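See structure below.
The values are calculated or read from the model by the stated rules, or taken from the named source; none is laboratory data. The shown structure was predicted, so the numbers you read here are calculated from the model rather than taken from an experiment. So basically every Cβ, Gly included, is an ideal-geometry build from the backbone, and we count neighbours across all protein chains shown. Side chains included, ligands, DNA and RNA excluded: accessible areas come from the protein's heavy atoms. Shrake-Rupley method; radii C 1.70, N 1.55, O 1.52, S 1.80 Å.
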Amino acid sequence: MSLPPDFMIFGNGQFSEPERAAVYRAIFERRDVRKNYLPTPVADDVLARILTAAHHAGSVGFMQPWDFVVIRQDATKRAVKQLFNKTNAEAAMRYEGPRASLYRSLKLEGIEEAPVNIGVTCSRQRGGKHVLGRSTVRDTDLYSTCCAIQNLWLAARAEGIGVGWVSILDHGVLKQALGIPRSVKLLAYLCLGYVSDFAGQPDLETAGWRARTPVEQLIHYESWGNTMRSDERRDTPTHEGLDKIRGRGQNKTGRRL
């Protein structure tokens, strides 16, 4: 499974307007796909392009902690589906009333319907004891692997392939089923395949489970809680967060302790 040598086409650092539009289209039309999978096989060269895109994600210290367990056999999918059924039944017990009924009506996986399943792992020892940039934030290997998953998702969407992340699984049991070593962390179980159509909006939004939060409510300027840019404010922006940090380690007279 490899790419032809002429597949990677590099420009001069600039994107044309159609290229830029295509990137944003893939982002906005990406969906967590759980249904409408077609039996059409995913060709090896297509899967190679998708996994290569995942492998080109950014990673702290260039540690590249990810691996991909590609699953095509029905027997393996069937075993994973049984694990899902058990965990999903337990998860349904957490809800009551209409919320419980809505939960049970949701289609939350496409394990057996999707032609390809992929387990994405993170090898936390990769790169050795001292990985550049990881000394203070140990979980950057996990964050890096999530970047690889997002790359995979967007590349798949550009190929017309739907991806669904099955999170309702006991990862400890699933690791045993897939033969993943104890030292390796399983981060995601994905279902991939061509679909009859991509939904106009996320399934959970359509079902009324949750709505998308306006991005304006999630942006803070300079410090937490400042929801307006400094050029939109009449008063001088405050930096209370920084002031508090500076104040630590000082006594009442302002002297360092």
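Among the residues of region 116-158, count how many are part of a helix (DSSP H, G or I), of a type in the set (D, E, K, R) and farther than 26 Å from residue 168 by Cα.
0
Quick one: in region 72-100, which of the residues that are farther than 27 Å from residue 124 by Cβ and of a type in the set (S, T, N, Q) is surrounded by the fewest Cβ atoms within 10 Å (Cβ to Cβ)?
This residue is 73.
Answer with yes or no whether residue 126 is out of contact with any Lys or Arg (no Cβ under 7 Å at 6 or more places or on another chain) and closer than 22 Å to residue 204 by Cα.
Working: out of contact with any Lys or Arg (no Cβ under 7 Å at 6 or more places or on another chain): yes; closer than 22 Å to residue 204 by Cα: no.
Here the answer is no, as residue 126 does not meet what is asked.
If I ask for residues that are within 30 Å of residue 81 (Cβ to Cβ), in a loop (DSSP other than H, G, I, E, B) and touching a Pro at 6+ places or on another chain (Cβ under 7 Å), which ones from region 186-223 would you list?
The answer is none; no residue qualifies.
If residue 149 satisfies every condition in (1) within 22 Å of residue 182 (Cα to Cα); (2) modelled with pLDDT of 95 or more; (3) open to solvent by 60 Å² or more (accessible area, probe 1.4 Å) but one, which is the exception?
Status for residue 149: all satisfied but (3).
If we keep just the residues of region 201-235 that are of a type in the set (Ser, Thr, Tyr) and in contact with a helix residue (DSSP H, G or I) (Cβ under 7 Å, 6 or more places away or on another chain), which is least open to solvent (accessible area, probe 1.4 Å)? It would help to see each step written out before you state the result.
The initial filter retains those residues of region 201-235 that are of a type in the set (Ser, Thr, Tyr), namely 206, 213, 221, 223, 227, 230.
Adding the requirement that they be in contact with a helix residue (DSSP H, G or I) (Cβ under 7 Å, 6 or more places away or on another chain) leaves 221, 223.
Details: 221: 69, 223: 30 Å².
So, considering only residues that are of a type in the set (Ser, Thr, Tyr) and in contact with a helix residue (DSSP H, G or I) (Cβ under 7 Å, 6 or more places away or on another chain), the one least open to solvent (accessible area, probe 1.4 Å) is 223.
Contact list please: Cβ distance under 6 Å, first residue in region 94-107 and within 19 Å of residue 166 (Cβ to Cβ), second residue open to solvent by 50 Å² or more (accessible area, probe 1.4 Å), pairs at least six apart or on different chains.
103/95; 107/35
Limited to region 43-65, what total is found for residues that are in a loop (DSSP other than H, G, I, E, B) and either touching a helix residue (DSSP H, G or I) at 6+ places or on another chain (Cβ under 6 Å) or in contact (Cβ under 8 Å) with a residue 60 or more places away in the chain (or both)?
Just the residues of region 43-65 that are in a loop (DSSP other than H, G, I, E, B), to begin with: 43, 56-59, 63-65.
From what is left, the residues that are either touching a helix residue (DSSP H, G or I) at 6+ places or on another chain (Cβ under 6 Å) or in contact (Cβ under 8 Å) with a residue 60 or more places away in the chain (or both) are 56-59, 63-65.
Summing the residues that are in a loop (DSSP other than H, G, I, E, B) and either touching a helix residue (DSSP H, G or I) at 6+ places or on another chain (Cβ under 6 Å) or in contact (Cβ under 8 Å) with a residue 60 or more places away in the chain (or both) in region 43-65 gives 7.
Mind listing whichever residues of region 101-120 are open to solvent by less than 10 Å² (accessible area, probe 1.4 Å) and either touching a Gly at 6+ places or on another chain (Cβ under 6 Å) or aliphatic (A, V, I, L, M) (or both)?
110, 111, 114, 116, 118, 120
Can you name the condition, by its number, that residue 160 falls short on among (1) touching a residue at least 40 places away in the same chain (Cβ under 8 Å); (2) closer than 24 Å to residue 27 by Cβ?
(1)
Take the conditions in a loop (DSSP other than H, G, I, E, B), open to solvent by 80 Å² or more (accessible area, probe 1.4 Å), among the hydrophobic types (A, V, I, L, M, F, W, C) and within 30 Å of residue 134 (Cβ to Cβ) and apply them to residue 10. Does it pass?
On the way: in a loop (DSSP other than H, G, I, E, B): yes; open to solvent by 80 Å² or more (accessible area, probe 1.4 Å): yes; among the hydrophobic types (A, V, I, L, M, F, W, C): yes; within 30 Å of residue 134 (Cβ to Cβ): yes.
Spelling it out, residue 10 is indeed in a loop (DSSP other than H, G, I, E, B), open to solvent by 80 Å² or more (accessible area, probe 1.4 Å), among the hydrophobic types (A, V, I, L, M, F, W, C) and within 30 Å of residue 134 (Cβ to Cβ).
Could you please give the count of residues in region 152-170 that are surrounded by fewer than 19 Cβ atoms within 10 Å (Cβ to Cβ) and more than 14 Å from the chain's Cα centre (by Cα)?
Total satisfying the criteria: 5.
For region 50-71, indicate whether the set of residues that are open to solvent by 70 Å² or more (accessible area, probe 1.4 Å), closer than 25 Å to residue 168 by Cα and among the hydrophobic types (A, V, I, L, M, F, W, C) is non-empty.
Checked region 50-71: no residue is open to solvent by 70 Å² or more (accessible area, probe 1.4 Å), closer than 25 Å to residue 168 by Cα and among the hydrophobic types (A, V, I, L, M, F, W, C).
Are any of the residues in region 238-256 open to solvent by 60 Å² or more (accessible area, probe 1.4 Å) and modelled with pLDDT of 95 or more?
no
Identify, please: which residue in region 121-146 is polar (S, T, N, Q) and crowded, with 20+ Cβ neighbours inside 10 Å and is, among those, farthest from residue 51 (Cα to Cα)? Quick ask: steps written out before the conclusion?
Pass one, region 121-146, residues polar (S, T, N, Q): 121, 123, 125, 135-136, 140, 144-145.
Subsequent filtering for residues that are crowded, with 20+ Cβ neighbours inside 10 Å retains 121, 144-145.
Values: 121: 13, 144: 15, 145: 12 Å.
Top of the filtered list is 144.
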